[in-house]
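Structure first, commentary second.
The values are calculated or read from the model by the stated rules, or taken from the named source; none is laboratory data. No experiment lies behind these values; they were computed from the predicted model shown. Methodologically, a virtual Cβ is constructed for each residue, glycine included, from the backbone with ideal geometry; neighbour enumeration extends over all protein chains shown. Just so you know, the surface numbers come from the protein's heavy atoms only, side chains and all, with ligands and any DNA or RNA stripped out. Shrake-Rupley method; radii C 1.70, N 1.55, O 1.52, S 1.80 Å.
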Amino acid sequence: MKENSFLINMIVPVHNVEQYISKCIDSILAQTYTNLRIILVDDGSSDKCPEICDRYARRDTRVKVIHCLNNGQAAARNRGLDLLHDRYPPESRGDYVAFVDADDYIAPDYIEFLHNLIVDNNADIAQCGHYVVFSETRMVDKNRDHNTTVLNKTQAIESLCYNGIYDITACSKLYRVDIFNNIRFPEGYLYEDTAVCYLVAEKAKSIVVNMTPKYYYIQRYNSTANSVLWQEYKYQFLAAGDEMANYISEHYPELTKAANVKRVFVRLSTLSQMVNCNHYDKERIAEMTQVIKKYGRDVLRDGKAAKRDKLGVMALSLGFPFYRTAWKLYYRIVRRQQSNSKGSLCKQQ
């Protein structure tokens, strides 16, 4: 392990996750890299999370707790970032920052692994892989390529458009702290990661990725992405995707085709969510279908576009009823595989 000379901030938004929060915090306190400042942001929890957070703060001086009104995960992350910039002068603000969701947990060498990637590759951001945790004994590593890849900011932004190796999620990454000097997550937004990921990547001279899984993402089917009840906020994904595509097309014209792939992806994803929720909105479906048809041919010709997106474009070309039937079949097969597969039986490494 390299020297613990850099202070690393870890921001954890907490809201009504009392059954998960202790495992999350314990995994952070157990890090082999110990020079940490752990900021637990209690986002107006109505369960026992406030008490649990305060108990950890009394136990370990590295733990700081902020109690605030419930304004959502984006606001909670921002309160953590604001604490760094408002309470601490630049020399004691720390060198790096990481985000961990309170219902997830991390391997003991998570920070050490990311820190070493940054130091060894002179990078500004490091990303590792993650396990999708379906149960205590079944965890799936969805990317078995564990080689180290270094990207410049243009390559990273292109990867974001194609849902490539460098991804949109704020977690499973370590960032140079000053990257967030002028960036905050949009509050009241449910897809805040999509809304800022390209702005964050733009601040980095280089980004290093090694998809060795060190982050444990708990698969919950009542989460924002997986809820079976339709909510209007799901349309925010379209706005976030289009804002990203518009910005990239304007500032990186060489990535315009990649940006249009993102436009198609967010619409196919939203249509699939509508199918999963048995929601039907004729006008919205027509609007999304029109955009997908506009860029669909380019997606089909793009060697970097995902196979699933290409199949979605082709299915939708036969009409939404066909797309709905095809997606239901695909989703049923995937869920059955997830339920029956043993996955990766693994221990924290």
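Here is a yes/no grid of residues against (1) modelled with pLDDT of 95 or more; (2) farther than 11 Å from ALA102 by Cβ; (3) buried (at least 22 other Cβ atoms within 10 Å of the Cβ):
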residue: MET1; (1), (2), (3): no, yes, no
residue: ASN4; (1), (2), (3): no, yes, no
residue: ASN9; (1), (2), (3): yes, yes, yes
residue: VAL14; (1), (2), (3): yes, no, yes
residue: TYR20; (1), (2), (3): yes, no, no
residue: ILE28; (1), (2), (3): yes, no, yes
residue: ARG37; (1), (2), (3): yes, yes, no
residue: ASP43; (1), (2), (3): yes, no, yes
residue: LYS48; (1), (2), (3): yes, yes, no
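Among the residues of the range 268-277, how many are open to solvent by 20 Å² or more (accessible area, probe 1.4 Å) and without any contact (Cβ under 8 Å) to a residue 40 or more places away in the chain?
Here the count works out to 1.
Within the range 80-91, does at least one residue satisfy the condition of being surrounded by fewer than 21 Cβ atoms within 10 Å (Cβ to Cβ), under 15 Å from VAL209 (Cα atoms) and not polar (S, T, N, Q)?
No; the residues of the range 80-91 include none that is surrounded by fewer than 21 Cβ atoms within 10 Å (Cβ to Cβ), under 15 Å from VAL209 (Cα atoms) and not polar (S, T, N, Q).
What are the pairs, 6+ residues apart or on separate chains, where a residue within the range 186-214 that is touching a residue at least 12 places away in the same chain (Cβ under 8 Å) has its Cβ under 9 Å from a residue that is in a strand (DSSP E or B) and among the charged types (D, E, K, R)?
Note: pairs meeting the criteria are VAL200/LYS173; LYS203/ARG176; ALA204/ARG176; ILE207/LYS173; MET211/ASP141; THR212/ASP141; PRO213/ASP141.
So MET244 fits all but one of (1) within 30 Å of VAL17 (Cα to Cα); (2) within 19 Å of the chain's Cα centre (by Cα); what number is the exception?
(1)
May I ask you to list the residues in the range 94-112 that are open to solvent by 10 Å² or more (accessible area, probe 1.4 Å), farther than 17 Å from ASN210 by Cα and not aromatic (Phe, Trp, Tyr)?
GLY94, ASP95, ASP101, ASP103
Looking at ASN260, ASN278, which is the one that is of a type outside the set (Phe, Trp, Tyr) and modelled with pLDDT of 95 or more?
Just a single option satisfies the conditions, and that option is ASN260.
Looking at (1) within 21 Å of ALA326 (Cα to Cα); (2) among the aromatic types (Phe, Trp, Tyr); (3) at pLDDT 95 or above; (4) over 20 Å from the mean Cα position of the chain (by Cα), which one does PHE265 not meet, given that it meets all the others?
All conditions pass for PHE265, except number (4).
How about the range 307-338: which of its residues are within 30 Å of GLU254 (Cβ to Cβ), open to solvent by 40 Å² or more (accessible area, probe 1.4 Å) and of a type in the set (A, V, I, L, M)?
Residues satisfying the conditions are LEU311, MET314.
Looking only at residues that are acidic (Asp, Glu) and modelled with pLDDT under 95 in the range 78-120, which one is nearest to the chain's Cα centre (by Cα)?
The extreme case among them is ASP86.
Tell me which residues, restricted to the range 158-210, are within 17 Å of TYR96 (Cα to Cα), small (Gly, Ala, Ser) and open to solvent by 10 Å² or more (accessible area, probe 1.4 Å).
Residue satisfying the conditions is SER206 alone.
Output the qualifying pairs, or none if there are none: Cβ atoms under 6 angstrom, residues six or more apart or on different chains, first residue in the range 67-83 and aliphatic (A, V, I, L, M), second residue in a helix (DSSP H, G or I).
Listed by first residue and then by second, the contacts come to ALA74/GLU192; LEU81/PHE180.
Could you check HIS146 against (1) within 29 Å of PRO90 (Cα to Cα); (2) over 14 Å from the mean Cα position of the chain (by Cα); (3) open to solvent by 50 Å² or more (accessible area, probe 1.4 Å) and say which number it fails?
With (1) within 29 Å of PRO90 (Cα to Cα); (2) over 14 Å from the mean Cα position of the chain (by Cα); (3) open to solvent by 50 Å² or more (accessible area, probe 1.4 Å) applied to HIS146, the lone miss is (1).
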